[in-house]
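To keep things clear, I will list the structure first and then write my remarks on it.
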Amino acid sequence: MKPVLELRNLSKSFGGLQVIQDLDLVVGAGQIVHEDDPVVGHVEAVDHLDLSLAPGEIVSVIGPNGAGKTTLFNLITGIYEPDDGDIIMDGRSIVGLSPEEIANLGVARTFQTLRVFLNMTVKENVMCSAFGNTGARIWQSVFRTPAARREERQIAELAERKLAFFGDRLMGYRWDQPAYSLSYANRRRLEIARAMATNPRLLMLDEPAAGMNPAETHEITELIGKLRDEVGFSILVIEHDMHVVEGVSDRVIALDHGVKIAEGSFDEVATDPGVIEAYLGYGAADTR
Amino acid sequence: MEFFLQQTVNGVTLGSVYALLALGYSMVYGVLKLLNFAHGEVYMFGAFAGYGVLTVLGGASALSVPVWLAIVLMFLAAMATSSAIGVALERFAYRPLREATRIAPLISAIGASFFLQASALLMFTANSRTYDTPQLIEIQTGIALGPIRVWMVRILVIVSAVVLMILLTLWVNRTRLGKAVRAVSFDREAAAMMGIDVDKVIVVVFLIGSALAGIGGVMVGLVFGRIFHLMGFVAGLKAFTAAVVGGIGSIPGAMLGGLLIGLAEAYTTGYISSTFQNVIVFGLLIAVLLVRPSGLLGRPELVKV
Amino acid sequence: MSDTPGDETRIGVDQWVEQSEDRREKYTGWTAPARRMFDQVSPGWRLALFLLAAAAYPFLVRGSDVRIGITVLLLAMVALGLNVVVGWAGLLDLGYVAFYGFGAYFYAIVASDQLPAHWPTWAAIPVIVATTALLGALLSLPSRRLVGDYLAIMTLFFAQIFLELVRNFERLPFVPDDLDLTGGPNGITGVEPWELFGFEINSQDLFGGVLPNFSRQYYLALIFLALLIMGLHNLNESRTGRAWRALREDTLAAEHMTIPVNRMKLLAFAVGAGIAGLTGAMFAAVQIGVFPTSFTLFFLITMYAAVILGGSGSIPGVVLGAIAIAYVPELLRDPGKAGWLFYIGLGALLYVMVKRWDHVAVTVGSVFVFGLIVRFFSGRIWDESTMGEANDAFMSRLMDDWVLILDAQRDVITNYVFVLAIVGVMLVVVARAWWRIAALVPTLYFAILVWENKLAFEPSITRQLMFGAVLVVMMAVRPQGLLGTRRVEIT
């Protein structure tokens, strides 16, 4: 089975600061490829990272702040180009592609610093994502041809379905409200809905539970599970909240200073001495 | 060779003026991340203020005071006028928009620029005025530089510009207020949290930048004679070019940029044609913006995703 | 929201939603009833009503007024094009006037004796629109790397280059001496009117005098405006419109949501430019000539004023803004109407500044007294100063006995008073309560003095002052314009 996503030997540094170092990760084949090659005496942002994600798998990426997690996401979606290594999706390399091209290949993400389209309505936010899967040409839109109108209806329905995932919170009259009127938690949900509407195969959530209270966190945990179970996404999650990580993950990898320091089930990683040291015990004890 | 030297002197003279203007653009962009489109009009009003003083003192041929005093007074009047306009601009056209959308200050700036042009049209009409410099300063006086003669006026302009730029650099690097300006350029919020009065710093930046522009206006009057109500527009664009070429936000960059643009214009006028000097200068800007948007000495912007 | 997990509240429904069910933002302020009514009517009906009124217009007025109407319609069209680039895609294009000029010149060159070339209209117009759109696409290429201010400046430079080229075309090194393409600073005259379906659309009347002169061109413009409004409305409600607005909101996020941002920027520029080209071609035919002076910064500011005043991003807003911006200066040309406009405007501004009718009365009274005092003292100083002639307008004659009309040194003194008036306005903005009234009194007087002595005779300058002020004031006070919606941006 071909992995959905595979990172091989990924490295990225910024102006002398190595943010990621030789990262390997495979999401998909269920095989974990290690290429441990710690670089001594160098701080790398992403340090020869290997990562692999199986279809329908949920992998969490944890690590203290500055560990290179968001940089990893940015590398995958094409914002940065890696210095070294390869990013492979469904067997082909996506290094060098623009974020838009990568999105069209089936990668969707949310952002750590929420980036909803504030001045557009809730529904429009989600409808935007359908762009890559639609084909109405300008003249068709201008003259509102039957084909264009049909497509518009389909896009609207798609948006409604995705928003319905979140219960009643983003439904009904909320559709026509500008996104800036939403609460913080609702904006996070909106961003997830928007990402879902691109019809991705890989969904990447960057700290989806950030800033949420325990009830909302519980909800998000259930939601992520639902996304995998009902829709079949493979999901890569960056999270700090260990309740969420424990609740959703099939696999967890821990990064510190751009290096993968542990990989395995939640229990394995949570008790890994290196991880505990990196975190100074954050969250790990509470879940017992 | 003689022609080349003459054009070079022209270029350096012109460049000095552009540098003074570019400094204003750069400093304001540094603290506010705003392109002050109306800066050219500030310069234009300075030129007219100088002219006003000249007229009050009897005009170029019948001065009631010694020449050097007249020139000093003209500079002072220009500085005062331009600073006043600049500070007013900041307070009424830009400050209300500090927290607004990105586009708002730009639109306000271009509106203000237009309003000032219209005011000048109202007050001065479309007729140009002339400083009548040959009456003021004997043309023949000057320094010999190889095969050519450099007029006193141009020497005055170049030397003044250099002195001012040195003073400004010293001020920005050595004084407390200067350091505050640099701090605000780096990070406005952090500077505010460190106890710097950001509003005051910004006012000071506009004050100094506009004063320099006013001086530039008088200089142009002295060297080229004619001033008119639209002179700010094109000069402003060229000075902006200079600021960007040198690296917007950088003071040495503004000086370097000014020099380059001045020379480019002089050589173009001398060797190619004066008709298309503007086109070429503008084309230069477009090229620079595309190839190296942060300019020669500027810092590229880093944005956290 | 519930505080602890396992509470009674159902997951997926928050308390606020449960309690409030249907919440709508309420309009506030004095425009509220009008806005509510406006919202009730669907866009289709709004357009129909507008078209009905606009179509009825020539029946009710003279030829010269229809001519003004054409100017309004043309400005509305070009402003809608600008709205695509600035209002929807958020790209500050300060060189937009060059597309307008390009379209106008292109048409003038192919439909006059300039070359000579006499292309039929049905061939010329599509070529012009396509070429201008292509030019727009070219100009958009730098926008891949430049944003915000830099893009603005660069587009401004392009407009300057365009003007220079047009003015100096013959002097370009590679142009043969006998080819005078653009007519230089004198422009091109003798431009032919459009001809469609055998019907010549010139400045003649319609139906043998039932409709006054210029009606043909008026209805042509109106038809195109209607088509433009409908087409753009549809475009905005489609995936293209959403993509434009998304790229304005957050280019990076839009890109992640499969939106091809560079292509969309190109499209925005191209569509906007095409519209400008079309309108320019119409403009050239109406003016029967093209001159470089029509395509300067002045017109750019005019277009922007229309978009900003009406509400960028809103089609009805832009049309309304265009009507205001185009119509008002025409009013200013006639000293009588100009006077009315000035004093009513002054009164409205006064009310907005003071907000209470009793305060307004006090202010007006004080201004009156102030004027008398000024008149009294100036009579002592200069005998001639009270003898100046006012112009013929009704309001001016009324004011003549009260306000100081200068004769000697009129210009110099008016200049000083103008500066004082500006300073006064600044003080008024800054001051509060009674201090504001104190500042208003001399300021109003100075403004009236400047008006009666100079501005009333200079409609062009007044227009320029107004438009510049519109941009500054709107941004500070109401950036969304009359009919736009307030934008929220996290800087």
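The values are calculated or read from the model by the stated rules, or taken from the named source; none is laboratory data. Nothing here was measured: the structure is a model prediction, and the numbers come from that model. Every residue, glycine among them, receives a Cβ derived from its backbone with ideal geometry; neighbour counts consider all protein chains shown.
Just one of the listed residues (C:Leu138, C:Leu94, C:Leu73) is surrounded by 24 or more Cβ atoms within 10 Å (Cβ to Cβ) and either away from every other protein chain (no Cβ under 13 Å) or part of a helix (DSSP H, G or I) (or both), namely C:Leu73. When the range A:97-117 is filtered for residues that are touching a Gly at 6+ places or on another chain (Cβ under 8 Å) and either more than 9 Å from chain C (Cβ to nearest Cβ) or charged (D, E, K, R) (or both), the ones remaining, listed by number, are A:Leu97, A:Glu100, A:Glu101.
For A:Gln140, are the conditions met, namely being among the polar types (S, T, N, Q), crowded, with 18+ Cβ neighbours inside 10 Å and more than 7 Å from chain C (Cβ to nearest Cβ)? Considered against the rule, which asks whether it is among the polar types (S, T, N, Q), crowded, with 18+ Cβ neighbours inside 10 Å and more than 7 Å from chain C (Cβ to nearest Cβ), A:Gln140 comes out as yes. Note on the range B:251-277: residues that are of a type outside the set (A, V, I, L, M), at the interface with another protein chain (Cβ under 10 Å from one of its Cβ atoms) and part of a helix (DSSP H, G or I) total 1. Of all positions in the range C:97-118, none carries a residue that is outside any helix (DSSP H, G or I), over 28 Å from the mean Cα position of the chain (by Cα) and more than 18 Å from C:Val191 (Cβ to Cβ). Checked against (1) of a type in the set (Val, Ile, Thr); (2) touching a residue at least 12 places away in the same chain (Cβ under 8 Å); (3) in contact with a Gly (Cβ under 8 Å, 6 or more places away or on another chain), A:Val142 passes all but condition (2). Among the residues of the range C:32-52, those that are within 21 Å of the chain's Cα centre (by Cα) and of a type in the set (A, V, I, L, M) comprise C:Leu47, C:Leu51.
In summary, A:Gln154 fulfils each of the numbered conditions (1) assigned to a helix (DSSP H, G or I); (2) surrounded by fewer than 21 Cβ atoms within 10 Å (Cβ to Cβ); (3) more than 12 Å from every other protein chain (Cβ to nearest Cβ); (4) not aliphatic (A, V, I, L, M) with the single exception of condition (3).
Note on the range C:437-491: residues that are crowded, with 19+ Cβ neighbours inside 10 Å, among the polar types (S, T, N, Q) and more than 9 Å from every other protein chain (Cβ to nearest Cβ) total 2. Screening the candidates A:Phe131, A:Phe73, A:Phe111 for the property of being in the same structural domain as A:Gly211 (by TED's automatic domain parsing), at pLDDT 90 or above, buried (at least 19 other Cβ atoms within 10 Å of the Cβ) and not small (Gly, Ala, Ser) yields one hit, A:Phe73. From the residues in the range A:119-128 that are within 7 Å of chain C (Cβ to nearest Cβ) and part of a helix (DSSP H, G or I), which one is surrounded by the fewest Cβ atoms within 10 Å (Cβ to Cβ)? Checking each candidate, the answer is A:Glu124.
Inspection of the range A:190-197 identifies no residue that is over 13 Å from the mean Cα position of the chain (by Cα), surrounded by fewer than 20 Cβ atoms within 10 Å (Cβ to Cβ) and at the interface with chain C (Cβ under 9 Å from one of its Cβ atoms). Among all positions in the range B:85-93, there is no residue which is under 22 Å from B:Val223 (Cα atoms) and within 13 Å of chain C (Cβ to nearest Cβ). In the set B:Ile280, B:Ile248, only one residue is within 15 Å of C:Tyr150 (Cβ to Cβ), among the hydrophobic types (A, V, I, L, M, F, W, C), at the interface with chain C (Cβ under 10 Å from one of its Cβ atoms) and in contact with a helix residue (DSSP H, G or I) (Cβ under 6 Å, 6 or more places away or on another chain); that residue is B:Ile248. For beta carbons closer than 7 Å, sequence separation of 6+ or different chains, a first residue in the range C:167-188 that is in the same structural domain as C:Val110 (by TED's automatic domain parsing) and hydrophobic (A, V, I, L, M, F, W, C) and a second that is assigned to a loop (DSSP other than H, G, I, E, B) and exposed (fewer than 15 other Cβ atoms within 10 Å of the Cβ), the qualifying pairs are C:Phe169/C:Val175. C:Gly424 - would you say it is touching a residue at least 12 places away in the same chain (Cβ under 8 Å) and at positive phi? Judged against the criteria, C:Gly424 is not a match.
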